[in-house]
Structure formats: structure tokens, C-alpha cells
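A short worksheet on the structure shown next.
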Amino acid sequence: MFKKMIRLAALLCCVFLLSACSGGGTDPSPSPSADVPSPSPSPEEPSPSPEEPSPTPEEPSPSPEPYSIDNGPTAEMIAQSRLAEGNKVRLAEKLKKAETGGDFTVAFIGGSITQGTGAAADNSYTALVTDWFETTYPNAAIKYVNAGIGATGSYIGVHRADGDVLAQEPDVVFVEFSVNDTNEHPERNINSYDSLLRKLWNAPSAPALVCVAMTQENGTSFQPQHAEIAAAYDLPFISYKDAILYVIDQGYIVWDDISDDDIHPNVNGHKVLSELIVSYLDGVNADLANISGEESDFSTPHTTDKYQNARLIRSGNESMTNLGGFTENTTNFGNFQGTWRASVEGEIAPLTFEVEAKNIAIFYGRHIKDGGSFEVIIDGEQVAVVDCTFPGGWGNYVEVTEVASYEEAAVHTVEIKPIMAADGAATRVYISSLAVS
């Protein structure tokens with residue numbers, strides 16, 4: 001009996017020892033020891049994780065889509081042309097109006113490019129954009145107004161906007177003056193462009209506005225100054241300048257492909273410009289249902305709005321009080337209808353006006369041959385002498401000179417008196433308009 005008890009105790013002791021050696025767990029794997037570190041991969045030869053395969057090399061970014069005039073603008077070229085998408089609310093409302101049918105007027109104001117120089121009448125950019133309106137809105141009676149006049153900038157533009165554009169009650173107006181406004185009169189051009197946009201926007205027909213910027217071959221353009229003004233009112237701005245110089249810089253085309261001189265687009269250039277504008281219009285038209293909200297805010301002028309009341313006094317206006325030695329002529333000169341003309345072979349009595357204004361300017365003819373000169377006398381005081389000669393120039397045209405600017409509007413007597421040539425030769429003086437604001 002005693003021996004059996006000894007054997008049982010020995011057996012229990014063995015079981016206890018086996019249990020202690022196994023750590024009391026059920027996992028047969030040995031636990032790591034603090035004194036024996038687990039092996040790790042060599043730092044020179046890292047072992048890739050089986051769950052994370054080695055990354056593949058990144059795909060290179062695709063090259064910009066090549067451009068050709070025949071295939072039309074690429075996405076990158078269109079992006080370059082969008083100097084500003086602008087507030088689209090008023091434009092969208094006007095396009096909705098065109099959808100419903102009825103009378104709809106599309107107007108363009110600018111210089112010789114807008115007039116159509118470099119292309120025939122039916123393939124100028126203005127005609128091609130108007131074609132888009134006619135095709136897109138077949139139920140509307142589209143009226144096309146081209147108020148482009150060569151060699152004129154926004155200073156002349158703001159004074160003739162009432163008669164040449166707003167009298168037609170436009171629904172949409174495209175504004176292009178970036179190669180005609182120059183740094184010769186930067187402050188004047190900035191003020192006049194601002195006042196032009198404000199005059200158009202606030203007109204009774206409440207037209208939508210789209211600004212357009214062109215360029216000379218060397219990149220000369222008033223685009224930066226115009227763009228700053230347009231941005232103050234959040235207006236759409238299409239830059240032919242940025243788009244065309246981009247594709248030229250990329251080597252896809254050369255300047256001669258789109259222009260026959262250093263400024264004016266040829267047929268190809270007008271086509272490209274129209275495509276950039278139409279691309280923008282297509283986008284607005286496709287999104288009409290989603291465009292709503294407040295229109296652009298014109299409550300505060302970007303500049304002083306110096307020319308807000310700008311207007312022209314033309315032949316036949318009652319403000320002309322005395323013809324003097326001039327005659328009235330109703331024919332066209334420099335794309336302006338009607339002039340006061342003087343043939344200067346001796347002493348000539350002045351052409352006289354009675355006007356109420358703060359700012360006074362003279363629109364006059366410049367001549368490559370037989371141009372004369374005249375003095376401007378306001379309230380009995382000579383304020384300017386103006387030279388009408390343009391020897392060796394590209395042609396006769398209408399120029400403008402601002403001769404007086406006052407703090408307040410008041411009634412003034414303005415006399416335009418031709419000056420005899422020093423050698424007694426016969427000369428001519430043409431006065432197209434008196435510009436007042």
C-alpha cells in the first residue's frame with residue numbers, strides 16, 4: 001500500500017514538471033526569448049512584403065494634343081483662351097430668350113479686326129459668330145450689328161456707342177479694342193474702356209457683354225489693362241492673344257498661317273477667333289438650366305467713370321451754331337458718316353459749337369496728302385493746335401484729340417479755326433464730330 005502511494009506521488013510530480021516546461025499553453029510554437037533576438041532581414045537586402053508588390057513606374061503625362069487650323073481648337077488651346085469665364089447669368093438669360101424665338105440682336109464693337117479687315121464679310125469672325133446664333137436658335141430673328149471701325153480705340157468707341165450700338169437695342173455685345181488701345185494714352189484708354197463697359201451694361205436693353213482680346217505679332221496688346229477692368233465686373237473674357245501665341249510657341253503653326261500682316265487676322269485667323277468664342281457660347285448654352293443667381297455687379301465704377309455720358313455731336317446737330325467757312329458734307333469719311341469740311345486757301349471763319357460738357361474732344365480727318373491744321377478756341381482761349389497731316393501713312397482716317405477737361409460740367413463755346421499753311425499752299429480740314437462728356 002505504501003509503495004503504491006509512493007508511485008502515485010512520483011507520477012504526479014512528473015506531470016507537474018511537464019506542465020511547467022510547456023508554459024501552461026496549448027501553442028506548440030516556442031515564445032521568443034528576451035535574450036535571443038528574432039532574426040531580421042539585412043538592411044542591404046530588404047525583403048519585399050508578399051502582401052505589397054513593388055510599385056510600377058508612373059506613366060508619363062500625355063503630351064498636349066497637336067493643333068492644326070483644319071481640325072479646330074484643342075482643349076488646351078481653348079483653356080488658354082479662357083482668360084475669364086466670368087459671371088454667366090445675364091448671358092444665360094439672353095440665350096434663353098433666343099431659344100424662345102422673336103427678335104434678337106447681336107452686336108460687335110471694335111476696331112478694324114471687328115470691321116472685318118483680313119477677311120470677306122461672310123467669313124469675318126463677327127459673321128461666323130452670328131451664324132452660330134442663327135443655327136443654334138432657328139426660331140429667333142437674329143439681327144447682326146457690326147460697329148467695327150478701323151483705327152479706332154475705346155475712347156472713340158465710348159463716344160459712338162449710343163448711336164452705333166445701343167440705338168439697335170442689342171441683346172449681346174462683343175467688345176474688341178485691345179490692339180487699338182495703346183500705351184500712347186494709357187490713362188485715357190483705361191478710363192474710356194471702363195466707361196464703355198458701364199455704358200453698354202446699363203443701357204435700356206440690358207445686353208450681356210463678352211470681352212475679346214487680340215494681339216500684334218510681337219505680343220503687343222492692351223489685354224492686361226482691359227482684363228483688369230473686366231475682372232472688376234466679373235465679365236467673360238476670351239483671349240485670342242493667349243491662345244494663338246500658345247500654339248505658335250508650341251510650334252504647331254506660325255504667325256503667317258493666321259495673318260497677312262503683323263496685326264489683322266486673315267481668313268484662318270477670323271475662323272480661329274470665331275471658334276474660340278463659339279466654344280464659350282456652346283458651354284453656356286449647354287448649361288442654361290444650371291446657371292442662375294445674381295448678375296455682375298456694376299454698382300461701383302472701377303475707375304472714375306469719366307466718360308459715362310460720352311456722346312458725339314455730328315453734322316446736323318443743333319449744338320453747331322455757326323458753319324463759318326466750313327461746308328456740311330453727308331458722305332462717308334473714315335467710316336464716319338458726314339463731316340464739316342474746309343478748303344484752306346486764305347483766312348477761314350471758325351466752325352462754332354455751344355455745348356455743355358466736362359470733357360471736350362475733336363474727331364478730325366488725317367490726310368496723307370494736303371492735310372492742314374487748325375486751332376481750337378474754348379471760351380475765347382486757345383487750348384490746342386491740331387495737325388491733320390499723315391504723310392506716308394496707310395490712308396486717310398479719323399483721329400481724335402481731347403482738347404479740354406474740366407472739374408464740372410458747364411456751357412462752353414468751342415471754335416475750330418483752320419490755320420493757313422506757312423507757304424500759302426491749299427490744304428483741307430475735315431471735322432467729323434465734336435465729342436463731349
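Key figures for this structure:
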item	result
Qualifying residues in the stretch 66-100 (those that are in a helix (DSSP H, G or I) and polar (S, T, N, Q)) - the one surrounded by the fewest Cβ atoms within 10 Å (Cβ to Cβ)	Thr100
Residues being out of contact with any Pro (no Cβ under 9 Å at 6 or more places or on another chain), assigned to a helix (DSSP H, G or I), in contact (Cβ under 8 Å) with a residue 60 or more places away in the chain and of a type in the set (Gly, Ala, Ser) - total across the stretch 271-299	1
Residue within the stretch 397-413 that is over 16 Å from Thr339 (Cβ atoms), part of a loop (DSSP other than H, G, I, E, B) and either open to solvent by 40 Å² or more (accessible area, probe 1.4 Å) or not aromatic (Phe, Trp, Tyr) (or both) present	no
Looking only at the stretch 274-326, and only at residues there that are closer than 28 Å to Thr126 by Cβ and of a type in the set (Asp, Glu), the one that is modelled with the lowest pLDDT	Asp305
Selection count where residues are assigned to a helix (DSSP H, G or I), in contact (Cβ under 8 Å) with a residue 40 or more places away in the chain and more than 20 Å from the chain's Cα centre (by Cα), scope the stretch 101-130	1
Any hit, the stretch 266-278, residues being under 30 Å from Ala342 (Cβ atoms), surrounded by 15 or more Cβ atoms within 10 Å (Cβ to Cβ), over 16 Å from the mean Cα position of the chain (by Cα) and not hydrophobic (A, V, I, L, M, F, W, C)	no
Residue in the stretch 415-425 that is under 31 Å from the mean Cα position of the chain (by Cα), in a strand (DSSP E or B) and surrounded by 16 or more Cβ atoms within 10 Å (Cβ to Cβ) present	no
Criterion (over 29 Å from Phe104 (Cβ atoms), buried (at least 19 other Cβ atoms within 10 Å of the Cβ) and of a type in the set (D, E, K, R)) met by exactly one of Asp249, Asp256, Asp242, Asp261	Asp242
The listed residue being over 35 Å from the mean Cα position of the chain (by Cα) and among the hydroxyl-bearing types (Ser, Thr, Tyr), out of Ser319, Ser433	Ser319
Cβ pairs under 6 Å, 6+ apart, first in the stretch 382-403 and free of Cβ contacts under 8 Å to residues at least 40 places away in the same chain, second open to solvent by 50 Å² or more (accessible area, probe 1.4 Å) and in a strand (DSSP E or B)	Phe390/Arg366
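The values are calculated or read from the model by the stated rules, or taken from the named source; none is laboratory data. Just so you know, these numbers come straight off a predicted model, no measurement behind them. Ideal geometry is used to build each Cβ from the backbone, glycine not excepted, and the neighbour counts take in all protein chains shown. In case anyone asks, the SASA skips ligands and DNA or RNA and just uses the protein heavy atoms, side chains included. Shrake-Rupley method; radii C 1.70, N 1.55, O 1.52, S 1.80 Å.
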